[in-house]
Amino acid sequence: MPVPNFLRRRFVILISGQGSNMQAIVQACQSERCPAEVLAVISSRPQSSGLDWAADQGIATHVVAHAEFASRTAFDATLADVIDRYSPDYVLLAGFMRVLTPGFVEKYAGRLVNIHPSLLPAFPGMHTHAQALAKGVQVHGCTVHFVTPVLDHGPIIAQGVVPVEQADTPESLAERVLAIEHIVYPQVATWLAEGRVHLMPDQRVQVDAIFSRLFVSESLL
């Protein structure tokens, strides 16, 4: 039975490109798997193709172009003003390629969630797939986590794992990781919408009635 709109959690999603994870979350909401509503999609880049896709779904879209601001603080202040129009329960970063200021992160503490293309705490920052191949790891993956002022170090909600194959390039590995991202992030969004996710005082995450928060590629089973 569909959840009435007034009972649904409210999401705003931030993107910078095609927003494939945003699309996966929106589709989970549209299919009633995730009892939430995506109220707006905001991009830091005006050319983001994800904006067109979101608009086609009837979702409000906005551009807060980082290149138009003299400082990160000014950018973040305008971004927060746009987000706050929608009073979201959660702000979900989905390929949002900006480092947020500590003040912005603190404003949305416990409500700001990101997906990173590595098994944190390994390989924070950029070029994660090339880093993984250079280190010779046998598995790689993605992490959905709460955002803190320390880049890519927030409390972990869930992770997805894929194999690293001998012939992999950064591009082929990225494609495999992205496929599991599209499984992990919508599931985490569903847990958030259901009120299952709790950030504990010791900064660990608890998810009610969930046995495992690890998603493993079928090729590893």
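Scan region 60-74 for residues that are in a loop (DSSP other than H, G, I, E, B), of a type in the set (A, V, I, L, M) and either touching an Asp or Glu at 6+ places or on another chain (Cβ under 7 Å) or surrounded by 15 or more Cβ atoms within 10 Å (Cβ to Cβ) (or both) and jot them down. Full working, then the answer.
Going residue by residue through region 60-74, those that are in a loop (DSSP other than H, G, I, E, B) are 64-65, 69-71.
Subsequent filtering for residues that are of a type in the set (A, V, I, L, M) retains 64-65, 70.
Across region 60-74, the qualifying residue is only VAL64.
Being touching a His at 6+ places or on another chain (Cβ under 9 Å) and among the polar types (S, T, N, Q) is the requirement here; does GLN47 meet it? Explain how you work it out, then say what you get.
Details: touching a His at 6+ places or on another chain (Cβ under 9 Å): no; among the polar types (S, T, N, Q): yes.
For GLN47, the condition - touching a His at 6+ places or on another chain (Cβ under 9 Å) and among the polar types (S, T, N, Q) - is not met.
GLY154 fails exactly one of the following numbered conditions: (1) part of a loop (DSSP other than H, G, I, E, B); (2) in contact with a strand residue (DSSP E or B) (Cβ under 7 Å, 6 or more places away or on another chain); (3) touching a residue at least 60 places away in the same chain (Cβ under 8 Å). What is the number of that condition?
With (1) part of a loop (DSSP other than H, G, I, E, B); (2) in contact with a strand residue (DSSP E or B) (Cβ under 7 Å, 6 or more places away or on another chain); (3) touching a residue at least 60 places away in the same chain (Cβ under 8 Å) applied to GLY154, the lone miss is (3).
Taking the conditions exactly as written (assigned by TED's automatic domain parsing to the domain that holds SER219, out of contact with any Ser or Thr (no Cβ under 8 Å at 6 or more places or on another chain), at pLDDT 95 or above and assigned to a strand (DSSP E or B)), does VAL144 satisfy them or not? Lay out the reasoning, then the answer.
Numbers: assigned by TED's automatic domain parsing to the domain that holds SER219: yes; out of contact with any Ser or Thr (no Cβ under 8 Å at 6 or more places or on another chain): yes; at pLDDT 95 or above: yes; assigned to a strand (DSSP E or B): yes.
Against the criterion (assigned by TED's automatic domain parsing to the domain that holds SER219, out of contact with any Ser or Thr (no Cβ under 8 Å at 6 or more places or on another chain), at pLDDT 95 or above and assigned to a strand (DSSP E or B)), VAL144 qualifies.
Determine whether region 190-204 contains at least one residue that is closer than 22 Å to GLN23 by Cα, modelled with pLDDT under 95 and in a loop (DSSP other than H, G, I, E, B).
no
Somewhere in region 119-129, is a residue over 21 Å from ALA179 (Cα atoms) and either of a type outside the set (Phe, Trp, Tyr) or part of a strand (DSSP E or B) (or both)?
no
Within region 17-44, can you find the residues that are surrounded by 19 or more Cβ atoms within 10 Å (Cβ to Cβ), part of a loop (DSSP other than H, G, I, E, B) and either among the hydroxyl-bearing types (Ser, Thr, Tyr) or modelled with pLDDT under 95 (or both)?
Passing the criteria: only SER44.
The values are calculated or read from the model by the stated rules, or taken from the named source; none is laboratory data. What you see is a predicted model; the values in this text were computed from it and never measured. Please note: Cβ atoms are built from the backbone with ideal geometry, for glycine as well, and neighbour counts cover all protein chains shown.
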